[in-house]
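Values in this text are rule-based calculations from the coordinates and carry no lab data. These figures come from a predicted structure and were not determined experimentally. Every residue, glycine as well, gets a Cβ built from its backbone with ideal geometry; the counts of neighbours run over all protein chains shown.
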Amino acid sequence: MTHQETQKSFCNRCKNMNKHIVRYKKVEHESEEIDEGFSVEWAYTYYLLECSGCEELSFCKETFWPNESVDMEFYPPRVSRSKPIWFDQLPEEYQEILSEIYSVLHMDNRRLAMMGARCVIDLFITRKVGDQGRFDLGMKMLEAKGYISNKNAIFLKAAVEIGHASAHRGHKPTITNVNSVIDIVENLLQQGEVLSNSAKLLKKSTPRRKRLSRRAVGKN
């Protein structure tokens, strides 16, 4: 049985660190003369990877530099996200911001994505309870009016803190952090906008139960 080369890598579709089968591999060596009789060399290794879980294909470029450091670039980037199936049901304001978030994630711009996530949460607060001036007051109003639970509030505060750290403290979140924040934001919008609107439409379209007259009730 032929041994298959594998490597451990994050899968965007599975959202987990999975074993990937190397379907193709090519190594290239390059060099540059710095001075007479002295040159530096580096190498590129190209991989075509297939996730052992979902079979999604991805491309990896591995660079070995003269100082023995290694860079790995993936396409699509390991934090890229697909739009949820209910994306088109969102108000246009959300669609515009989310489209920008997904776009920068495809370029592995995690800080910008986290700032965008904070923007989505601020927009949700404004649409539901108006501009409260402060984030904490907006969150309290969302809870008071039943738009979010206390547990959801904890999740949202954690997501916003990542956005703050990215914008003001130069923090670069990990892939896991990014996916967690986007999960929280998407869940907020699905429940607070998409499902709530669907429930209203269902209520309008469902015939009301007919009330029995007192005479009919007496016969029963």
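Some observations on this one:
- Using Cβ point charges alone (K and R +1, D and E -1), the dipole size of the range 19-148 about the Cα centre works out to roughly 1160 debye.
- Which labelled figure in (i) 33; (ii) 42; (iii) 18 is percent of Cα pairs over 32 Å apart, once derived from the coordinates: (ii)
- With coordinates expressed along the principal axes, the C-alpha atoms belonging to the range 12-142 extend over 70, 38, 23 Å, beginning with the largest.
- Estimated FRET transfer efficiency (ASN187, MET107; beta-carbon r; R0 22 Å; 0.05): 0.35
- In this calculation the C-beta distance from ASN150 to ILE85 is compared with R0 = 25 Å, giving a FRET efficiency of 0.30.
- Ordered by the number of other Cβ atoms lying within 10 Å of each residue's own Cβ, fewest first, ASP88, ASP35, ASP108 fall into the sequence ASP35, ASP88, ASP108.
- Rounded tilt (10° steps) of 196-205 against the dominant C-alpha axis of the chain: 40
- Full-extension gain in nm, HIS171 to GLU33, via 0.36 nm per residue minus C-alpha separation: 45.9 nm
- Among ILE34, ILE101, a tally of other beta-carbon atoms within 10 Å of each Cβ gives an order, fewest to most, of ILE34, ILE101.
- This ranking places ILE162, ILE21 by how few other beta-carbon atoms lie within 10 Å of each, fewest first, which gives ILE21, ILE162.
- Stretchable slack from GLU41 to CYS119, in nm (0.36 nm times residue separation minus alpha-carbon distance): 23.6 nm
- Measuring r between the beta carbons of LYS8 and PHE64 and using R0 = 22 Å, the FRET efficiency lands at 0.75.
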